[in-house]
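**Student:** Structure incoming, see below.
The values are calculated or read from the model by the stated rules, or taken from the named source; none is laboratory data. What you see is a predicted model; the values in this text were computed from it and never measured. FYI the Cβ positions are ideal-geometry reconstructions off the backbone, even for glycines, and counts take in every protein chain you see. Heavy atoms of the whole protein, side chains included, go into the accessibility calculation; ligands, DNA and RNA do not. Shrake-Rupley method; radii C 1.70, N 1.55, O 1.52, S 1.80 Å.
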Amino acid sequence: MAQSPPLSKLTELAVSELADAIRDDRSLRRFLHGLPGVDQVGLEQRAAGLATRSIKKAAKRWAIDTAISVIDLTTLEGADTEGKVRALCAKARHPDPERPDTPQVAAVCVYSDMAATAVRALDGTDIQVASVATAFPSGRSALAVKLADVEYAVAAGADEIDMVIDRGAFLAGRYGQVFEEIQAVKAACGDAHLKVILETGELATYDNVRRASWLALLAGGDFIKTSTGKVSPAATLPVTHLMLQVVRDWRDSTGQLRGVKPAGGIRNTKDAIRYLVAVHEVAGPEWLTPKLFRFGASSLLGDLLMQRRTQLDGHYSGPDYVAVD
Amino acid sequence: MIDSPWEYAPAPESREIANLKPSYRMFVDGKFVDGGGEPLKSINPATEEPLAEVSSASESDVDEAVRAARRAFDDTWSTMPGKERAKYLFRIARLIQERGRQLAVLESLDNGKPIKESRDADIPTAAAHFFHHAGWADKLGYAGYGPDPRPLGVAGQVIPWNFPLLMLAWKIAPALACGNTVVLKPAETTPLTALVFAEICQQAGLPPGVVNILPGAGDIGAALVAHPGVDKVAFTGSTEVGKQIQRSVAGSGKKLTLELGGKAANIVFDDAPLDQAVEGIVNGIFFNQGHVCCAGSRLLVQESIADELLEKLRVRVQTLRVGDPLDKNTDVGAINSAEQLAKITELAASGDAEGAQRWTSPCPLPEKGFFFSPTVFSDVQQSMRIAREEIFGPVLSVLTFRTPAEAIAKANNTPYGLSAGIWTEKGSRILWAAQRLRAGVVWANTFNRFDPTAPFGGYQESGFGREGGRAGLEAYLDV
């Protein structure tokens, strides 16, 4: 076996390969279809196997605090009001007011018309404001409308933009179109971080998820995100495993670190810890930070706070002791 | 590897669950009795502490047990209707499930295998073998061996230490389903779960003498195999001992099945699903510390992806957690005995001497007990000892090939032939390769999967006869 080339050389090599990949539509297609396949049975077996890690005591307390600190506390309902958003922001600031050592969440995630409200409510904190944009959740609109949505959110002060890809174009094989759209949104983001929602439940196969993940990273996405939360299935452990493999492979070939955000359906501590174990063992421990990993969730925080109290107090207190916001 | 801020807290299973007794006795004619042999000391390979004293059989005990088995065969078991035998087998299967936690912890204590494997693989599969064969007991006339196939008589069975309870199930379940009675000798270093199984036989109300368990060393195995009252010999273990057994039973008219060593090829083509191939390679060689006769111990990788795959493999192997077998987070447990550890160490050293490149996982090892770090040899050539001899430990030899034909030629270039693996996204290539590989089991895009319905067995020096499935019944029927 030949020795592997030194990393710097490997990076150069890979970057020039990647530059070739995005030269035109055909080379993009060739590149995406040249990625190694995903074996469904094997992937799901691995995800199920890792989910049986037993995390207890100090390891569990660390996991709970980490899980809290990577949450994008989310409200994405048609019925959202300013009051609802302000309540969520208050919870983001002080998740558990009786225990001030509780970490703050990473971000509050709202629709673009609520971004300004969230920015005001979170003034003076490190909590980011994330806004979904680009005709969320379906993405069915003209590019100009999507870009205007993004610009509106950025102008309102959003630090992070969660965009949806055009799944129709992706499934029809128009990878170039999806690529250019992500690039255009990235440009419209300015300094804001871009999370690219793949809506994996609509992509149907793991091979598609891997291709879409690479496509999003090639186009400049800072994060790849599983779901809008409006489509079932939303985030699953195997899909998240796969996306974690992609960001690890991306790091290995470019040296750059990109993030992963599972969203939708992660409701309790046990699930959250399973995802953290996957982050830890699939991508690597350096991904266990809000810079590189997020949970998109609304009700998860309540369960984490209850479990946190259970760990610290030695007994379970119940949901009435945690704010419902 | 970057140091994690997150160290999983130890999550050990309580050893109390094993209900360990200071001493165990052998099981003959439905009773626990003292053996005439020198008592065995069973030790915990993870701590080197003694676990229990086990009375062992003498040659006269072998004689006693075979006579008890013969009586049970003649008086009750062979004449009992199949559906009645099935009830006992179902009962045994359910009792294995009910006492699953106890058996899993005891197995991990005695053998050194991680609790997650004894709990999630060994014990459930053992129960599944009894369930499966219970279903056959009243349907033997439909198995394709004539309308009324007859049992053979008394089966003398000798099993190894790598899967103590599972190998017992592979041997006893089909024997009983077909109407035979058994005398079984568990391995010298791992007799405990077999003796708890004897309790289960009592609990199930199995007639005395149908199952007899004789702990002992190789001499007792030899005496059992050579005993004139035995009609059928079944052995799983080393090729060397298998050959001795074959010589010993030659000309006696006894039926014989042997399940021996292996040096399986795990072939990764360049279009394979790489991340899952890495998982399959890890599972193929590090499952049960590599103490698996069908382990994928020779990795054959297509040259064009060899560097990438090996890099991914090393990153993955680093995450394997080696240590306390009772900790639920342990992936790789202890080597079963000091003797086995010495063998692995010696063979690995020959890899260095012959010019292969050794890579060892940097994972920490416990200070006490018999442990061996997961090891990958690259630059291995077909002529080296580590490519030809069975290591029976967590040591992987990596070879490369350029064309599919070369892969098949290298894979088949071994005196063994128990199992093989193929990794490719191309279905036609799976079929093409499977037709050409000389191995009893060929896994495609997976490895080390066991099921009671699938026949298992070898070619050449990996032995003959099949266990499991319809084919496995043949070994215990007069056909």
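**Student:** Once the Cα atoms of the stretch A:176-325 are picked out, what are the Rg and Dmax in Å?
**Tutor:** Answer for the stretch A:176-325, Rg first and Dmax second: 16.6, 55 Å.
**Student:** Something else about it: Which of rounded, prolate or oblate describes the stretch A:115-178 when judged by the alpha-carbon gyration tensor and an a/c cut-off of 1.5?
**Tutor:** Values: a/c = 3.49, a/b = 2.58, b/c = 1.36.
Verdict is prolate for the stretch A:115-178.
**Student:** Okay, next question. Determine the percent antiparallel among the DSSP beta bridges restricted to the stretch B:349-446, to the nearest 5.
**Tutor:** Details: 4 of 11 bridges.
Of those bridges, close to 35 percent are antiparallel.
**Student:** Return the equivalent ellipsoid semi-axes of the stretch B:340-464 as a descending list in whole Å, where each equals the square root of 5 times an eigenvalue of the C-alpha gyration tensor.
**Tutor:** The three semi-axes for the stretch B:340-464 are 28, 18, 15 Å.
**Student:** Next up: What does the average come to when, for each residue of peptide B:414-427, you count the partner chain Cβ atoms lying within 10 Å of its Cβ?
**Tutor:** If you average over the peptide's residues, the count of other-chain Cβ atoms is 1.
**Student:** Kindly provide the helix-only [θ] at 222 nm of chain A, computed as the sum of -39,500 (n - 2.57) over DSSP H runs of four or more divided by all residues, to the nearest 500 deg cm²/dmol?
**Tutor:** Counting only the DSSP helices, I get -15000 deg cm²/dmol.
**Student:** While we're here: Using only helices, what value at 222 nm comes out for chain B when you add -39,500 (n - 2.57) per DSSP H run of length 4 or more and divide by the total residues, to the nearest 500 deg cm²/dmol? All intermediate terms of the calculation are to be shown ahead of the outcome.
**Tutor:** On the way: 15 runs with 177 residues, N = 479.
Roughly -11500 deg cm²/dmol at 222 nm, from the helical runs in chain B.
**Student:** In nm², what is the average projected area of the convex hull enclosing the Cα atoms of chain B?
**Tutor:** Its average projected convex-hull area is 21.6 nm².
**Student:** With a/c under 1.5 counting as rounded, go ahead and sort the stretch B:251-326 into rounded, prolate or oblate using the C-alpha gyration tensor (a ≥ b ≥ c being the square roots of the eigenvalues; past the cut-off, prolate if a/b is larger than b/c, else oblate).
**Tutor:** It is oblate, given that a/c is not under 1.5 and a/b is not larger than b/c.
**Student:** Let me check I have the definition right: for the stretch B:85-232, take the eigenvalues of the Cα gyration tensor, multiply each by 5, take square roots. What are those semi-axes in whole Å, largest first?
**Tutor:** Computed over the stretch B:85-232, the values are 24, 20, 12 Å.
**Student:** Same structure again: Between A:VAL324, B:VAL479, B:LEU341, whose Cα lies farthest towards the positive end of the dipole of the protein assembly as shown when Lys and Arg beta carbons carry +1 and Asp and Glu beta carbons carry -1, centred on the Cα centre?
**Tutor:** B:VAL479
**Student:** With a 1.4 Å probe and every protein chain left in place, work out the accessible area per residue of chain A in Å², rounded to a whole number.
**Tutor:** I get 40 Å² per residue for chain A.
**Student:** Send over the semi-axes of the stretch B:184-319's equivalent ellipsoid, whole angstrom and largest first, taken as the square roots of 5 times the C-alpha gyration tensor eigenvalues. Mind showing how you got there, number by number?
**Tutor:** On the way: eigenvalues 329, 78, 28 Å².
Largest first, the stretch B:184-319 gives 41, 20, 12 Å.
**Student:** Additional query: Taking the Cα centre as origin and putting +1 on Lys and Arg beta-carbons and -1 on Asp and Glu beta-carbons, what dipole magnitude results for chain B, to the nearest 20 debye?
**Tutor:** Computed charge dipole of chain B: roughly 1320 debye.
**Student:** Can you give the percent of C-alpha pairs in the stretch B:244-378 whose distance is more than 28 Å? Display every interim value, and only then the final one.
**Tutor:** Values: 2477 of 9045 pairs.
Roughly 27 percent, once rounded to a whole number.
**Student:** Can I ask one more? State, in square angstrom and to the nearest 100, the accessible area buried between chains B and A, both chains counted, probe radius 1.4 Å.
**Tutor:** Details: alone 18410 and 14450 Å², together 29950 Å².
Approximately 2900 Å² gets buried when B meets A.
**Student:** Provide the convex hull volume over Cα atoms per residue for the stretch A:31-190, in Å³.
**Tutor:** Looking at the stretch A:31-190, the number lands at 163 Å³ per residue.
**Student:** OK, next. Based on Cβ point charges of +1 for Lys and Arg and -1 for Asp and Glu, what charge dipole magnitude is obtained for the stretch A:180-325 about its Cα centre, in debye rounded to the nearest 20?
**Tutor:** Its charge dipole is roughly 120 debye.
**Student:** Compare B:MET80, B:MET167 by solvent-accessible area with a 1.4 Å probe and give them largest first, with all protein chains kept in place. Please list the in-between numbers first.
**Tutor:** Numbers: B:MET80 35, B:MET167 10 Å².
Ranking B:MET80, B:MET167 by accessible area, largest first, yields B:MET80, B:MET167.
**Student:** Would you mind checking the pairs B:LYS255/B:LYS343; B:LYS185/B:LYS343; B:LYS87/B:LYS171; B:LYS41/B:LYS116; B:LYS312/B:LYS426 and listing those with alpha carbons more than 30 angstrom apart?
**Tutor:** Numbers: B:LYS255/B:LYS343 32 Å; B:LYS185/B:LYS343 23 Å; B:LYS87/B:LYS171 18 Å; B:LYS41/B:LYS116 25 Å; B:LYS312/B:LYS426 22 Å.
The pairs that break the limit, which is 30 Å between Cα atoms, are B:LYS255/B:LYS343.
**Student:** What does DSSP give for the stretch B:1-104 in terms of the percent of beta bridges that are antiparallel, rounded to the nearest 5?
**Tutor:** Roughly 80 percent of the beta bridges in the stretch B:1-104 run antiparallel, per DSSP.
**Student:** B:HIS129: net charge of surrounding residues, Cβ under 12 Å, Lys/Arg +1, Asp/Glu -1, itself excluded?
**Tutor:** On the way: positive: B:LYS171; negative: B:ASP122, B:ASP451, B:GLU467.
Here the charged neighbours net out to -2.
**Student:** Please report, in whole Å, how far the alpha carbons of the stretch B:371-424 spread along each principal axis, starting with the longest.
**Tutor:** 38, 24, 21
**Student:** Let me know the mean shielding of A:272-279 by other chains, meaning the per-residue number of their Cβ atoms within 10 Å of its Cβ.
**Tutor:** Values: counts 0, 0, 0, 0, 1, 3, 0, 1.
Partner-chain Cβ atoms within 10 Å, mean over residues of A:272-279: 1.
**Student:** Starting with the highest mean, order B:375-384, B:320-329 by the number of other Cβ atoms within 10 Å, averaged over the residues of each peptide.
**Tutor:** Per-residue mean Cβ counts within 10 Å order the peptides as B:320-329, B:375-384.
**Student:** If you count, for each residue, the other Cβ atoms within 10 Å and average over each peptide, how do A:152-162, B:168-178 line up from highest to lowest?
**Tutor:** The densest-packed peptide leads the list: B:168-178, A:152-162.
**Student:** Continuing with this model, one more query. How are the C-alpha pair distances of the protein assembly as shown spread across 10 Å bins, as whole percents from the shortest bin up?
**Tutor:** Going out from 0 Å in 10 Å bins, the protein assembly as shown shows 3, 13, 20, 21, 17, 13, 8, 4, 1, 0 percent.
**Student:** Which of rounded, prolate or oblate describes the stretch B:286-327 when judged by the alpha-carbon gyration tensor and an a/c cut-off of 1.5?
**Tutor:** The shape class here is oblate.
**Student:** Taking Rh as the Kirkwood radius, which is the inverse of the mean 1/r over Cα pairs, what is the Rg/Rh value for chain A?
**Tutor:** Answer for chain A: 0.97.
**Student:** Same structure again: Counting pairwise Cα distances across the stretch A:148-257, what percent come out greater than 24 angstrom?
**Tutor:** Pairs farther apart than 24 Å: 21 percent.
**Student:** Per-residue mean of other chain beta-carbon atoms within 10 angstrom of the beta-carbon, peptide A:49-58?
**Tutor:** 5
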